[in-house]
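The values are calculated or read from the model by the stated rules, or taken from the named source; none is laboratory data. Predicted model, so just to flag it, every value in this text is computed and none were measured. Glycine gets a Cβ as well: all are built from the backbone with ideal geometry, and neighbour counts include every protein chain shown. We work out accessible area using only protein heavy atoms, side chains counted, and drop any ligands, DNA or RNA first. Shrake-Rupley method; radii C 1.70, N 1.55, O 1.52, S 1.80 Å.
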Amino acid sequence: MTVNGETLNFSGHAVLKKDFFAYHVAEEGLGEDEQTVLRNPVLVFGGKKYNFGETSGKVYVFALTSDVVQQSGIPFASANSMPNEGNGFASPLFAKEQNTGDAEDGSRPVWLQASFALGTGESSGQSFVNVALGEWSSDNGLTGSRRGSSDTASDNYSFSGDVRSVAGPDGGHFLGASNGQPNAVLGLGTSGTTNPGRDNPLNGDTSYQNQIGSTHHIAVGTQTFDDVGTTSGTFHGYAAGFSQQAGDASNVQSLVNGSASEVVLRLSGNTNNLTASMRFSRSWLVDSDQNLLSTKTTQYEFGGSGKSSMIDGNIFGAFETSGSSNVRETGYEFAGYETKYRWKLQNWKLVKVAYDSPVFRKYDHSTTPDTTGYLISADAMGANKVLFAGQTVQTPNGLVQKQAFCQDCDYIKWGAWGMRSNYTNHNGEQVTEDTHLGWWITGNVVSASDMPTRGTAHYAGDVVGTVAKFNGQTWNQSVATGTMNMDWNFATRGLSPKDKLTISNFDGKTFSGRMFAPGKASFAGALTGNGGIQGSAAGSFVGSPGKGQTPRGVVGNFNARNSVLDTNATWKANGIFGGTQR
């Protein structure tokens, strides 16, 4: 392009389809390091409003072009907040319309896009999750938000920002020929949104102006699925992750629940929404503030209308439910000294002697934190493709991508979660707490009455979790995988040493222990391994084929470290496990 006699070079994207065109380009120039950079982006598009026809629960699939300035294949994200190299996955954007569209249809039209990446090489140990979701209509286009987080060499970031489509010249948000696929232009922090894209560091530069930005993408319609169907159900299970507070890089707390009732996933095919809850409790005999018998219970809530999107039973996601999470702290805090007296034998006489006695006051503090978080299913984020890249399994239909925990079952759901929370603790201090990337697994937990009381079974599967290593100043977290095996006697339920869970090749380590199941359907026990590794595991049987029959699978979580005393640990790990009967 020539402007005022000067030739300017532009590069980017051009999409030309019947009744739709879009150009997203930027000017080429030289940066400070004499490398080519793109700046001054230009976005031009137009076309004819698309006619969707009758509503019947169809799912529209869109491929998203990269933002021409960020030059990343990950949409709705800054290239500065993701690994420079590694294995990554970016899903297409899925938009599901209402189930029927009639007056009695309570379903919502929803959309979802998710990305996941793990660093390799110089970026090894880094991780990134980005989720965008919301609602849409044929007239008003797509509206929604993005959440997620990343762990880079510099800091942990929590993502936020608004996403929406941009109307064309005739006011239509979806453009294209009626006998083809719909197309759109949308962006993070684009015109018409309230909140720009924001990457909020846990410890770094707190300047708001340095955390915000925007991206734009051309959404090219690629295919439409008819009659996807609906899925509903309630699943119970387990979750794990590490929590770190701003300003305290030398300390991480392990979050694991001990009962399947504390992690609940509810899928609603009638609304195309979902809700989820997670409850974690941590106790200390003496905590870092020298409080006695301290317990901290955290309840995180996700989803609901406008905060979740369910495309089908395997592709779904949710954000924090505003004002519904809770942090409760209980214990006894030091409140000073009081003068007390005791009798002391002195010179053969009883003498009354004063002394200072410490006073501890009971506290019970509950607060609603300000939260920014996500929960995403494994299939939505491409977890299997990233975690088990290049691994295949032979099936009657040929070689297929390996799936964690079970190759093809509908009684186990799993994925990732993260949460940034801000609250005032019982001492009146402002706390910012962050779980960048945790994991969850749920299933159809077998009722105690349906559990068999005799017979044996062997379960085998996978482990997905997080490793935290202390380098003397900070804890570096990374994602790890492994395998699990569990032998079980339904009559002894832990009384036999053969009732054993083994986690192998997890960050190069193996640990195991006998499990006990006094309640028949759920089990728990201690774990030990070489190098002084100690920990614990909890889980449940899932997928009952019928009363008294052997359950099809198991799900659970674990927590381990290389020292009995947390203060001496240099290696910590937690995660989820699951397997099927073999």
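Say we look at the range 293-312 and pick out the residues that are part of a strand (DSSP E or B) and more than 24 Å from Ile412 (Cβ to Cβ); which of these is modelled with the lowest pLDDT? Once the filter is applied, the top-ranked residue is Leu293. The set of residues in the range 356-383 that are assigned to a strand (DSSP E or B) and touching a residue at least 60 places away in the same chain (Cβ under 8 Å) comprises Phe360, Tyr363, His365, Thr371, Thr372, Gly373, Tyr374, Leu375, Ile376, Ser377. Looking at the range 244-266 only, could you name the residues that are under 25 Å from Arg420 (Cβ atoms), aliphatic (A, V, I, L, M) and in contact with a strand residue (DSSP E or B) (Cβ under 6 Å, 6 or more places away or on another chain)? Those that are under 25 Å from Arg420 (Cβ atoms), aliphatic (A, V, I, L, M) and in contact with a strand residue (DSSP E or B) (Cβ under 6 Å, 6 or more places away or on another chain): Ala246, Val252, Leu255, Val256, Val263, Val264, Leu265.
Residues in the range 340-355 that are open to solvent by less than 100 Å² (accessible area, probe 1.4 Å) and not polar (S, T, N, Q): Lys340, Val351, Val353, Ala354, Tyr355. When the range 305-329 is filtered for residues that are closer than 22 Å to Ser158 by Cβ, in contact with a strand residue (DSSP E or B) (Cβ under 8 Å, 6 or more places away or on another chain) and open to solvent by 20 Å² or more (accessible area, probe 1.4 Å), the ones remaining, listed by number, are Gly306, Lys307, Thr321, Ser322, Ser324, Asn326. Annotation: of all residues in the range 83-95 being over 21 Å from Gln223 (Cα atoms) and touching a Ser or Thr at 6+ places or on another chain (Cβ under 6 Å), the one that is surrounded by the most Cβ atoms within 10 Å (Cβ to Cβ) is Pro83. Once the range 228-276 is narrowed to residues that are among the charged types (D, E, K, R) and modelled with pLDDT of 95 or more, the residue that is least open to solvent (accessible area, probe 1.4 Å) is Glu262. If the condition is being buried (at least 16 other Cβ atoms within 10 Å of the Cβ), of a type in the set (S, T, N, Q) and more than 30 Å from Thr432 (Cβ to Cβ), then the range 371-413 contributes Asn384, Gln403. Screening Gln534 on (1) part of a strand (DSSP E or B); (2) open to solvent by 40 Å² or more (accessible area, probe 1.4 Å); (3) modelled with pLDDT under 95; (4) closer than 24 Å to Ala404 by Cα shows it passes everything except condition (4). Sub-7 Å Cβ pairs linking a first residue in the range 277-299 that is in the same structural domain as Glu320 (by the TED database) and farther than 30 Å from Tyr374 by Cβ to a second residue that is modelled with pLDDT under 95 and of a type in the set (Asp, Glu), at least 6 apart or interchain, are Asn291/Glu333, ordered by first then second residue. Out of the residues in the range 494-528 that are under 25 Å from the mean Cα position of the chain (by Cα) and part of a loop (DSSP other than H, G, I, E, B), which is surrounded by the most Cβ atoms within 10 Å (Cβ to Cβ)? My answer is Asp507. If you go through the range 300-353 and keep only what is touching a Pro at 6+ places or on another chain (Cβ under 9 Å) and at positive phi, you end up with just Gly336.
Here is a yes/no grid of residues against (1) among the aliphatic types (A, V, I, L, M); (2) under 23 Å from Ala383 (Cα atoms):
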position	(1), (2)
Leu495	yes, no
Leu501	yes, no
Phe506	no, yes
Phe511	no, no
Met515	yes, no
Ala524	yes, no
Thr528	no, no
Gln534	no, no
Thr550	no, no
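Scanning the range 14-39 for residues that are in a loop (DSSP other than H, G, I, E, B) and either at pLDDT 80 or above or closer than 16 Å to Val220 by Cβ (or both) turns up Lys18, Asp19. Would you please name the residue that is farthest from the chain's Cα centre (by Cα), looking only at residues in the range 330-339 that are surrounded by fewer than 22 Cβ atoms within 10 Å (Cβ to Cβ) and touching a residue at least 40 places away in the same chain (Cβ under 8 Å)? Ranking the candidates gives Phe334 first. Take the range 48-77 and flag every residue that is in contact with a Gly (Cβ under 6 Å, 6 or more places away or on another chain) and surrounded by 18 or more Cβ atoms within 10 Å (Cβ to Cβ). Listed by number, the residues that qualify are Lys49, Tyr50, Phe62, Ser66, Val68. Out of Ala468, Ala416, Ala491, one residue alone is in contact (Cβ under 8 Å) with a residue 24 or more places away in the chain, assigned by the TED database to the domain that holds Gly382 and over 22 Å from the mean Cα position of the chain (by Cα). It is Ala491. Scanning the range 218-248 for residues that are hydrophobic (A, V, I, L, M, F, W, C) and either farther than 30 Å from Asp19 by Cα or free of Cβ contacts under 8 Å to residues at least 60 places away in the same chain (or both) yields a count of 5. Filtering Thr453, Thr432, Thr483 for residues that are open to solvent by 50 Å² or more (accessible area, probe 1.4 Å), farther than 24 Å from Phe558 by Cα and either of a type in the set (Val, Ile, Thr) or in contact (Cβ under 8 Å) with a residue 60 or more places away in the chain (or both) leaves a single hit, Thr453.
Pairing residues of the range 313-327 that are part of a strand (DSSP E or B) with residues that are charged (D, E, K, R), at Cβ distances under 8 Å and at least 6 apart in sequence or on separate chains, gives Ala318/Lys307; Phe319/Arg147; Phe319/Lys307; Glu320/Arg147; Glu320/Glu301; Glu320/Lys307; Val327/Lys296.
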